[in-house]
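Asks: One structure, as structure tokens, below. Some questions next.
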Ligand SMILES: Cc1cc2nc3c(=O)[nH]c(=O)nc-3n(C[C@H](O)[C@H](O)[C@H](O)COP(=O)(O)OP(=O)(O)OC[C@H]3O[C@@H](n4cnc5c(N)ncnc54)[C@H](O)[C@@H]3O)c2cc1C
């Protein structure tokens with residue numbers, strides 16, 4: 001008899017796995033390294049955007065969606081090069097997941113329809129009021145507290161795992177230097193990726209290695225090390241989510257909704273340098289390549305008001321990082337760019353705004369409406385948010401070895417596992433960080449509990 005049925009290493013998206021497994025009757029232990037995880041991990045830092053293809057909220061809004069459509073969007077964004085079994089499983093479970101989060105984890109899920117996320121052919125990105133991951137994680141943590149069958153060990157770091165008869169033996173290290181071994185049937189590695197490991201980032205992600213890292217300091221690649229001890233395969237290690245709109249002053253996300261409503265990005269010379277609507281992830285490397293590796297996000301009062309639905313934007317606003325000008329000349333003078341350059345960009349954007357058949361010189365055709373005075377600007381820098389590649393898993397989140405055989409009892413989710421964004425930064429679709437974090441944890445728990453019921457663990 002093992003101490004527990006499932007050890008979940010990491011209390012970010014992993015909490016969804018803990019909750020699901022316990023609801024299905026498993027004895028679960030969550031081991032979390034960071035005592036401030038509720039405000040410190042990536043799930044808590046996110047904008048709480050979770051795709052669900054075919055959900056009841058979409059049906060209520062008259063949106064026709066399906067896993068196949070979602071898969072089509074993933075294939076288009078990654079140019080067909082992505083972890084297909086994982087994407088199929090996640091697209092297939094995505095609607096069930098957001099409904100379960102609402103019904104069984106207490107999240108007040110809603111479907112924002114106030115703007116369009118780049119790359120999603122329909123509105124399928126669900127969220128919660130406030131649109132912030134700290135709220136999402138708080139709901140999950142509260143549900144875990146109320147669920148019988150789950151213990152939490154915080155702070156404790158899973159530093160090793162090895163086979164022990166039919167089960168696994170997990171080594172937990174404590175801040176005082178002590179260690180403990182816990183026997184378990186299965187382990188879910190939900191420790192995120194390697195974004196905080198500068199050596200690995202320089203090796204695998206050189207194009208973004210100099211940018212700010214804006215994710216959990218505990219994302220040091222522990223799952224890669226633990227998986228290696230089992231001969232696990234790894235894939236798409238060069239995949240990452242970047243973001244082009246971190247406020248240089250507030251060090252908080254401005255959110256790309258500003259662009260999707262019609263804002264644009266200029267360099268220090270007052271000129272634009274690309275089509276911002278391709279996606280915020282790949283635009284991070286584009287911004288990183290500009291002189292000074294920074295720019296200004298320019299928008300107007302209408303967009304300013306619409307963006308207040310995002311807690312992060314409100315934080316940026318309250319930090320004093322926004323600049324405002326009653327005219328284009330005044331804004332240009334305030335932010336120190338040539339007034340004629342800014343005026344030329346406003347004129348070009350106005351000329352194509354509101355008519356998606358027209359394109360600007362970069363091919364952008366989405367500007368919603370011409371920008372009108374008063375105008376706003378916020379200084380932005382590129383950032384690395386998290387890595388997307390990792391341990392190769394199947395559609396049940398089982399870690400596979402180099403010959404694609406499942407390693408008994410070992411699961412991975414979120415940044416620990418291979419994602420569904422292909423290579424580099426350009427394959428990332430909004431929500432495809434949290435979906436593997438919550439969705440693979442959910443699938444792992446479901447699979448683990450089903451095997452418990454069959455008594456084969
Ligand atoms: C600012 C920001 C905004 C984002 N917005 C979105 C969004 O709206 N939608 C979206 O899909 N994605 C978004 N992402 C990405 C998303 O947050 C991540 O993809 C996702 O949260 C990763 O979840 P995770 O469970 O893998 O990692 P985390 O949430 O970071 O959880 C991992 C946990 O493991 C702990 N840990 C690490 N090592 C160990 C160990 N050895 N033992 C025990 N515990 C350990 C860590 O302390 C941490 O608590 C955003 C990311 C950032 C930074």
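Asks: From the residues in the range 1-21 that are surrounded by 24 or more Cβ atoms within 10 Å (Cβ to Cβ) and either part of a helix (DSSP H, G or I) or modelled with pLDDT under 95 (or both), which one is nearest to the ligand (Cβ to nearest atom)?
Replies: Here the answer is 14.
So that you can scan it fast, the table gives a plain yes or no per residue for (1) surrounded by 21 or more Cβ atoms within 10 Å (Cβ to Cβ); (2) at pLDDT below 95; (3) on the phi > 0 side of the Ramachandran plot:
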site	(1), (2), (3)
241	yes, yes, no
247	yes, no, no
267	no, no, no
272	yes, no, no
275	no, no, no
280	yes, yes, no
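Asks: Let me ask something else about it. What is the one condition in (1) under 19 Å from the mean Cα position of the chain (by Cα); (2) buried (at least 18 other Cβ atoms within 10 Å of the Cβ); (3) within 30 Å of residue 53 (Cβ to Cβ) that residue 218 does not satisfy?
Replies: If we test residue 218 against (1) under 19 Å from the mean Cα position of the chain (by Cα); (2) buried (at least 18 other Cβ atoms within 10 Å of the Cβ); (3) within 30 Å of residue 53 (Cβ to Cβ), just (3) comes out false.
Asks: Would you kindly identify the helices (runs of 4 or more DSSP H) lying entirely within the range 228-342 that contain at least 2 residues that are without any contact (Cβ under 8 Å) to a residue 40 or more places away in the chain and assigned by TED's automatic domain parsing to the domain that holds residue 375? Reasoning before the result, please.
Replies: On the way: elements: 257-260, 280-288, 301-307, 311-319, 328-335.
Fully inside the range 228-342 and qualifying: 311-319, 328-335.
Asks: Hey, residue 82 hits all of (1) assigned to a helix (DSSP H, G or I); (2) away from the ligand (no atom under 14 Å from the Cβ) but one; which does it fall short on?
Replies: Result: residue 82 fails condition (1) only.
Asks: Among the candidates 143, 83, 75, single out the residue that is more than 15 Å from residue 434 (Cβ to Cβ), outside the structural domain of residue 311 (by TED's automatic domain parsing) and touching a strand residue (DSSP E or B) at 6+ places or on another chain (Cβ under 7 Å).
Replies: Going through 143, 83, 75 in turn, just one is more than 15 Å from residue 434 (Cβ to Cβ), outside the structural domain of residue 311 (by TED's automatic domain parsing) and touching a strand residue (DSSP E or B) at 6+ places or on another chain (Cβ under 7 Å): 83.
Asks: In the range 209-227, which residues are out of contact with any helix residue (DSSP H, G or I) (no Cβ under 6 Å at 6 or more places or on another chain) and in a helix (DSSP H, G or I)?
Replies: Result: 222, 224, 225, 226, 227.
Asks: With the requirement that a residue be buried (at least 24 other Cβ atoms within 10 Å of the Cβ) and at pLDDT below 95, what does the range 411-429 give you?
Replies: Selection gives 425, 427, 428, 429.
Asks: Here are some residues: 262, 231. Which one is surrounded by fewer than 15 Cβ atoms within 10 Å (Cβ to Cβ) and on the phi > 0 side of the Ramachandran plot?
Replies: On the way: 262 fails: surrounded by fewer than 15 Cβ atoms within 10 Å (Cβ to Cβ).
That would be 231, the only listed residue that is surrounded by fewer than 15 Cβ atoms within 10 Å (Cβ to Cβ) and on the phi > 0 side of the Ramachandran plot.
Asks: What pairs come out if I take residues in the range 167-181 that are within 16 Å of residue 6 (Cα to Cα) and pair them with residues that are modelled with pLDDT of 95 or more and in a loop (DSSP other than H, G, I, E, B) whose C-beta lies under 7 Å away, six or more apart or interchain?
Replies: What qualifies is 172/156.
Asks: From 221, 193, grab the single residue that is within 10 Å of the ligand (Cβ to nearest atom) and at positive phi.
Replies: It is 221.
Asks: Identify, from the list 201, 187, the residue that is closer than 20 Å to residue 385 by Cβ and either more than 12 Å from the ligand (Cβ to nearest atom) or outside any loop (DSSP other than H, G, I, E, B) (or both). Walk me through how you get there before you give the answer.
Replies: Values: 187 fails: closer than 20 Å to residue 385 by Cβ.
From the options 201, 187, the qualifying one is 201.
Asks: Hey, another quick one. Would you point out the residue of the range 66-79, among those that are in a loop (DSSP other than H, G, I, E, B) and touching a residue at least 60 places away in the same chain (Cβ under 8 Å), that is nearest to residue 239 (Cα to Cα)? Walk me through it before giving the result.
Replies: At the first step, the residues of the range 66-79 found to be in a loop (DSSP other than H, G, I, E, B) are 66, 78-79.
Keeping just the survivors that are touching a residue at least 60 places away in the same chain (Cβ under 8 Å) gives 78-79.
Values: 78: 11, 79: 14 Å.
Of everything passing the filter in the range 66-79, 78 is nearest to residue 239 (Cα to Cα).
Asks: For the subset of the range 119-134 comprising residues that are in a loop (DSSP other than H, G, I, E, B) and more than 16 Å from residue 65 (Cα to Cα), which member is farthest from the ligand (Cβ to nearest atom)?
Replies: Restricting attention to the range 119-134, the residues satisfying the condition of being in a loop (DSSP other than H, G, I, E, B) are 119-124, 128-132.
Adding the requirement that they be more than 16 Å from residue 65 (Cα to Cα) leaves 128-132.
On the way: 128: 11, 129: 14, 130: 12, 131: 8, 132: 9 Å.
The extreme case among them is 129.
Asks: Run down 32, 88, 110, 99 and say which single residue is surrounded by fewer than 19 Cβ atoms within 10 Å (Cβ to Cβ) and in contact (Cβ under 8 Å) with a residue 60 or more places away in the chain. Give the steps one after another, and end with the answer.
Replies: Details: 32 fails: surrounded by fewer than 19 Cβ atoms within 10 Å (Cβ to Cβ); 110 fails: in contact (Cβ under 8 Å) with a residue 60 or more places away in the chain; 99 fails: in contact (Cβ under 8 Å) with a residue 60 or more places away in the chain.
Result of the check over 32, 88, 110, 99: 88.
Asks: For the range 153-177: of the residues being assigned to a strand (DSSP E or B) and away from the ligand (no atom under 14 Å from the Cβ), which is surrounded by the most Cβ atoms within 10 Å (Cβ to Cβ)?
Replies: Going through the range 153-177, the residues assigned to a strand (DSSP E or B) turn out to be 153, 157-164, 167-173.
So of that shortlist, the ones also away from the ligand (no atom under 14 Å from the Cβ) come out as 162-164, 167-169.
Numbers: 162: 12, 163: 14, 164: 14, 167: 20, 168: 22, 169: 17.
In this case the residue turns out to be 168.
Asks: Next up: Please go through (1) in contact with a strand residue (DSSP E or B) (Cβ under 7 Å, 6 or more places away or on another chain); (2) part of a loop (DSSP other than H, G, I, E, B); (3) farther than 21 Å from residue 96 by Cβ for residue 26 and return the number of the only condition it doesn't satisfy.
Replies: Exception for residue 26: condition (3).
The values are calculated or read from the model by the stated rules, or taken from the named source; none is laboratory data. Worth saying up front: this structure is predicted, and the values here are computed from it rather than measured. In this analysis, Cβ positions are derived from the backbone assuming ideal geometry, glycine residues included, and neighbour counts consider all displayed protein chains.
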